[in-house]
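Heads up, the thing below is written out as structure tokens.
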Amino acid sequence: MRETEIKIGPPKNMSFNSKEIWENRELLYFFAWRDIKVKYKQTYLGILWAILQPLLLMGIFYFVFFKTLNVSVGISYPAYAFAGLILWGLFSSGITHSSESLLSSSQIIRKIYFPRILIPLASLLTALIDFLIAFLLLIILLIIFRQPVGWQAIYCFPIAIAFTFVASFGIGSFLSALNVKYRDFRYLLPFAIQLLFFSSQVVYSIHSLQQSWLKWLLYCNPLNGALELFYYPLQKDHLDGMGIMISAGVTFVFLVTGLFYFKKTEVYFADLI
């Protein structure tokens, strides 16, 4: 009797199958938990590094930019810097880890089929967990520095977090697929991350800039729109709706481009890794 070989692989169409992701959600949780254990393996402080890193950077920025360079942001500078740093951490960590995620999971990709998008998505969930831990410290710092928080935080904070997550997902999925075939991008990424950091309003406020064209250019960085929303309940300043729309448009382009390229190249991952 002749055996029939059945090959299971990714669908040939370019559609994004959210149902397939939901059906494999337990595998997504497994990948996320694996990433957390690998990230903090053999560390004494473990997940506390999620709050120590932005806390140490906040101290450095406070003395360099606020005390020395007299950078004004309209609110308590430590609270401003820490809020920006934890959102930046979600953005940069999500992009960095998801871009390398397919290469680090090459063994399992070669053996079985599952929705490959789960791997970079799990890296983003790991970054989100780190952010939520640091967010608890932000609440404590706001109390310590007696920083007023407007009622707008009820919707501004969740939207800003979702904004950042989607932007990281779009860019990270695109870079993870690119890294499979073109390994040069892994060496360009650190420079790109540094460029994104200095173009983000983490240590300064875009509202302090005089040139309108420079503001619109900086809002092409997706994180600046998220930061605008994140800072709004703290600053109670004018909310730059046009800037947020520019960042949202760029985020949408990255998301669509990233998912399209990922689905287009997904069928070849097992052969190239």
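Side notes on the structure shown:
- The angle separating the long axis of helix 25-39 from the principal Cα axis of greatest extent in the chain is about 60 degrees.
- Relative pair counts by distance (%), Cα atoms of the chain, 5 Å bins: 1, 6, 12, 16, 17, 15, 12, 9, 6, 3, 2, 1, 0, 0, 0, 0, 0
- For segment 217-273, the set of trypsin sites (Lys or Arg not before Pro) satisfying both a DSSP loop assignment and a count of at most 14 other C-beta atoms within 10 Å is given as LYS236.
- For segment 52-105, the alpha carbon convex hull comes to 83 Å³ per residue, rounded to a whole number.
- Inter-part distance, segment 100-117 to segment 181-201, computed on C-alpha centroids, equals 23 Å.
- Modelled spin-label separation between ILE112 and GLU23, with each label point placed 7 Å from Cα along the Cα-to-Cβ direction: 1.5 nm.
- 13 Å Cα cut-off, lysine pairs counted over the chain (separation 8 or more, or different chains): 4
- To put it simply, the accessible area of the chain at a 1.4 Å probe is 67 percent carbon and sulfur.
- Shape of segment 153-273, Cα gyration tensor, a/c cut at 1.5: prolate
- Taken about its Cα centre, segment 206-273 carries a charge dipole of about 60 debye when Lys and Arg each add +1 at the Cβ and Asp and Glu each add -1 at the Cβ.
- Estimated translational diffusion coefficient (Stokes-Einstein, Kirkwood radius over Cα pairs, 20 °C, 1.002 mPa s) of segment 196-250: 195 µm² per second.
- Each Cα pair under 8 Å and six or more residues apart adds its sequence gap; the mean of these over the residue count of segment 33-163 is a relative contact order of 31 percent.
- Å² per residue, accessible surface of the chain at 1.4 Å: 55
- Dividing the mean sequence gap of close Cα pairs (under 8 Å, 6+ apart) by how many residues the chain holds gives a relative contact order of 26 percent.
- Measuring max minus min along each principal axis, the C-alpha atoms of segment 139-207 give extents of 50, 24, 23 Å (largest first).
- Segment 150-273: relative contact order as a whole-number percent, Cα under 8 Å and 6+ apart: 43
- When the trypsin sites (Lys or Arg not before Pro) in segment 75-168 are filtered for DSSP coil states and for at most 10 other beta-carbon atoms within 10 Å of their beta-carbon, the remaining sites are ARG146.
- In degrees, nearest ten, helix 241-265 long axis to first principal axis of the chain (Cα): 20
- Applying D = kT/(6 pi eta Rh) to segment 53-190, where Rh is the Kirkwood radius over alpha-carbon pairs, T corresponds to 4 °C and eta to 1.567 mPa s, the Stokes-Einstein value obtained is 78 µm²/s.
- Taking other residues whose beta carbon is less than 15 angstrom from the beta carbon of TYR231, and scoring Lys, Arg as +1 and Asp, Glu as -1, yields -1.
The values are calculated or read from the model by the stated rules, or taken from the named source; none is laboratory data. What you see is a predicted model; the values in this text were computed from it and never measured. As a convention, Cβ positions derive from the backbone with ideal geometry for all residues, glycine included, and neighbour counts pool all protein chains shown. The accessibility values were calculated without ligands, DNA or RNA, using every heavy atom of the protein model including side chains. Shrake-Rupley method; radii C 1.70, N 1.55, O 1.52, S 1.80 Å.
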